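In what follows, a structure is listed as structure tokens, so that the remarks can point back to it.
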Amino acid sequence: MSTYVIGDVQGCYQPLMQLLQKISFDQNNDTLWFTGDLVNRGPQSLEVLRYVHELGDKHQTVLGNHDLHLLAVAAGTQTQHDGDTLNDILSAPDKDALLDWLRHRPLLIKYEDYVMTHAGLAPAWTVEKAQALAHEVEIVLRGKESKKLFEHMYGNQPDQWSDELTGYDRLRCIINYFTRMRFCHADGRLNLSNKGAVKDKEENLLPWFEVVPRANADANIIFGHWAALEGVVDVPNLFALDTGCVWGNKLTAMRLGDAVRISVGCG
């Protein structure tokens, strides 16, 4: 019995099936976690969403920015972007069931010594704080006010966490840290425009996990989202799993416990 964590799939169904075959995944005994961004940009988002949905509640995924974008498009509060591949889901006969299931996925999963989110944890947050803030968003996302949340979800401000934030500014800031964060300023303020490799960053920016002090520095954090890291982070208790499958690179699974990684090519 093993638990495997899989990086951003983004509609790449065939590589996912190849990866599950390579790890000899047994649905009755093994458990799968996904780092979010199940959908979009890849060619088979509907197939991926159906597959993970049908696995059942033993298997877990956190919400990524592309998953939230799908929900906003489906709610009619956002239009599709160039390169989106969401139409198969939006026209599927089981659309409502799939989207309702997706809307009820968490932003954070904590299990034993591991914490998983899509993009990481804000440097200012302890794990306990992050759990509480994730729950704030999840309550709204799963309730009758979810469409209003989607109406106010987009935007880069406020760009720094404060306990004094309220309303949709507060929820937007939480979502941005959980699902869009890569680089921060030294004070933990988000920079959401830089998306590339660490070596190409602006001088005044840091990867979120290099901000000092970082309140969650002792936590074992699993995240995806940042394909330009290529799964490599020089921090012992951080596990980056987006290895750029949708860009023709690799799809990666990591076995919890011993951190063994298994990948398949996506070219």
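Looking at the range 21-55, which of its residues are assigned to a helix (DSSP H, G or I), touching a residue at least 24 places away in the same chain (Cβ under 8 Å) and over 25 Å from Asp100 (Cα atoms)? Answer for the range 21-55, where residues must be assigned to a helix (DSSP H, G or I), touching a residue at least 24 places away in the same chain (Cβ under 8 Å) and over 25 Å from Asp100 (Cα atoms): just Lys22. Restricting the range 1-20 to residues that are of a type in the set (A, V, I, L, M) and either part of a loop (DSSP other than H, G, I, E, B) or more than 14 Å from Thr243 (Cα to Cα) (or both), the residue that is farthest from the chain's Cα centre (by Cα) is Met1.
Scanning the range 74-95 for residues that are under 21 Å from Tyr51 (Cα atoms) and without any contact (Cβ under 8 Å) to a residue 40 or more places away in the chain, we see that the one that is surrounded by the fewest Cβ atoms within 10 Å (Cβ to Cβ) is Pro93.
Checking each residue in the range 214-232 for being part of a loop (DSSP other than H, G, I, E, B), of a type in the set (A, V, I, L, M, F, W, C) and surrounded by 20 or more Cβ atoms within 10 Å (Cβ to Cβ) picks out only Trp226. For Phe239, the conditions (1) of a type outside the set (A, V, I, L, M); (2) assigned to a loop (DSSP other than H, G, I, E, B); (3) within 29 Å of Ala124 (Cβ to Cβ) are fulfilled apart from (2). Entry remark, the range 248-267: residues being surrounded by fewer than 16 Cβ atoms within 10 Å (Cβ to Cβ) and free of Cβ contacts under 8 Å to residues at least 40 places away in the same chain number 5 in total. Per the conditions (1) under 30 Å from Gln44 (Cα atoms); (2) among the aliphatic types (A, V, I, L, M); (3) loosely packed, with under 14 Cβ neighbours inside 10 Å, the sole criterion not satisfied by Leu241 is (3).
Has the range 142-151 got any residue that is hydrophobic (A, V, I, L, M, F, W, C) and either assigned to a loop (DSSP other than H, G, I, E, B) or surrounded by fewer than 18 Cβ atoms within 10 Å (Cβ to Cβ) (or both)? Checking the range 142-151: not a single residue is hydrophobic (A, V, I, L, M, F, W, C) and either assigned to a loop (DSSP other than H, G, I, E, B) or surrounded by fewer than 18 Cβ atoms within 10 Å (Cβ to Cβ) (or both).
Note on the range 193-246: residues that are closer than 15 Å to His118 by Cβ and among the charged types (D, E, K, R) amount to 2.
Counting only residues that are assigned to a helix (DSSP H, G or I), among the hydrophobic types (A, V, I, L, M, F, W, C) and touching a residue at least 12 places away in the same chain (Cβ under 8 Å), how many does the range 116-141 have?
Final tally of qualifying residues: 7.
Annotation: of all residues in the range 71-93 being among the acidic types (Asp, Glu) and under 15 Å from Leu38 (Cβ atoms), the one that is nearest to the chain's Cα centre (by Cα) is Asp84.
Only a single criterion out of (1) in a loop (DSSP other than H, G, I, E, B); (2) within 15 Å of Leu149 (Cα to Cα); (3) of a type in the set (Gly, Ala, Ser) is not satisfied by Ala72, namely (1).
Check the range 19-31 and report whether any residue there is among the charged types (D, E, K, R), over 24 Å from Ala134 (Cα atoms) and in contact with a helix residue (DSSP H, G or I) (Cβ under 6 Å, 6 or more places away or on another chain). Checked the range 19-31: no residue is among the charged types (D, E, K, R), over 24 Å from Ala134 (Cα atoms) and in contact with a helix residue (DSSP H, G or I) (Cβ under 6 Å, 6 or more places away or on another chain).
Going through Tyr168, Tyr154 one at a time, which residue ends up being loosely packed, with under 15 Cβ neighbours inside 10 Å, of a type in the set (Phe, Trp, Tyr) and over 15 Å from the mean Cα position of the chain (by Cα)?
Of the residues listed, the single one that is loosely packed, with under 15 Cβ neighbours inside 10 Å, of a type in the set (Phe, Trp, Tyr) and over 15 Å from the mean Cα position of the chain (by Cα) is Tyr154.
A residue that is part of a strand (DSSP E or B), of a type outside the set (Phe, Trp, Tyr) and on the phi < 0 side of the Ramachandran plot cannot be found anywhere in the range 161-183.
Laboratory data are not the source of any read-out in this text; all were calculated from the coordinates shown. As the structure is a prediction and not an experimental result, all values here were calculated from the model. Cβ atoms come from the backbone with ideal geometry, glycine included; neighbour counts cover every protein chain shown.
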